[in-house]
Amino acid sequence: MSRAAPYTIAALVFLSPAAWSLHLGLEPEPFALSSAAVIAIGLLLGGLIAVAGLLLSRGRWSKNLGRVVVGATLALAVVVEPGSTYWIALGLSALATIGLTGPWLKGWVREFAAADGPGTRPILLVFGALALVPAVGVASPAGLEFTHGVLGGAGVLLGWAYARAEVWGLWGLRVVLPVLAIGSILQSPWGGRVLLVVLVGAVVWLAWTSEAQRAVQPLLDRLPGPRVAAPGEGADGGRS
């Protein structure tokens, strides 16, 4: 593996969504400008997190997240109008795809999850919450309503809180998020309703799993402490 390969691939993982964000700013059709803006923000956010993971933690999740972000840009290429920056963005996405699927990250990205890591479902829960940002843009191509902005903002806030092992973030994802999603679902076209129902449903389901609970309340915190012997009682529980 070349020493420069991981840094080159990380740069492509960031430049790909950055180029598509620029394209959406110049040629947002078929999305309204507000919808295109949150899609661009979501792609950039995902790209930045993937790059940070590739260069710092080197976990498998960062490589998989990079694939998801780049895959989303390729899906975007199917629906947006070609323009001056279209082919540049498409070329960067193609190069990023080659880099992430080739052998160049072998030996750089860890093959196995860390023993003390949070697990797959907590990671998916955080990314699912953050994915609400671009999802509300895709769900409302004609323009965002206030409820869409509230849902996207709640996804970022609660996902951030849960990533910091805050219990209120977990309960917000379990209880508050589905309530906030109702308005966005009702104000979206049918295709957008299906998208939001599936994504929010997946996030809420993940939030109610035992793995998600343990990520903010480790098992050792819930175990009873050592029994303290009463005065006049031996360590084996008998009277001295």
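Computed from the coordinates by the stated procedures, all read-outs in this text should not be read as laboratory data. Since this is a predicted model, take the numbers as computed values, not measurements. Reconstructed Cβ throughout: ideal geometry from the backbone, glycine too, with neighbour counts over all protein chains shown.
Here are a few things to note about the model shown:
- The GLN217 and LEU157 beta-carbon pair, evaluated with R₀ = 22 Å, returns a calculated FRET efficiency of approximately 0.65.
- Extension gain from SER84 to LEU186, taking 0.36 nm per residue of separation minus the Cα-Cα distance: 33.1 nm
- If R0 is 25 Å, the Cβ-Cβ spacing of SER57 and TRP171 corresponds to a FRET efficiency of close to 0.40.
- Segment 1-110 - Rg over Rh from alpha carbon coordinates, Kirkwood radius: 1.00
- All C-alpha to C-alpha distances of segment 51-159, sorted into 10 Å bins beginning at zero, yield P(r) values of 12, 34, 35, 17, 2 percent in whole numbers.
- In sequence order, calculated HN-Hα J values of segment 135-152 (Karplus, 6.51, -1.76, 1.60; Hz; x Gly/Pro): 5, 5, x, 5, 6, 10, x, 7, x, 7, 9, 4, 5, 5, x, 4, 5, x
- Residue exposure sequence - ILE98, ILE123, ILE41 - by fewest surrounding Cβ within 10 Å: ILE98, ILE41, ILE123
- Cα centroids of segment 114-154 and segment 69-89: 21 Å apart.
- Calculated FRET efficiency for the pair LEU74/ARG110, C-beta based, R₀ 35 Å, to 0.05: 0.85
- For the chain, the alpha-carbon coordinates run over 88, 51, 20 Å along the three principal axes, in decreasing order.
- When ARG3, ARG110, ARG174 are arranged by Cβ crowding within 10 Å, least crowded first, meaning fewest neighbours, the order is ARG3, ARG110, ARG174.
- The alpha carbons of segment 117-221 stretch over 49, 19, 19 Å along the principal axes, in descending order.
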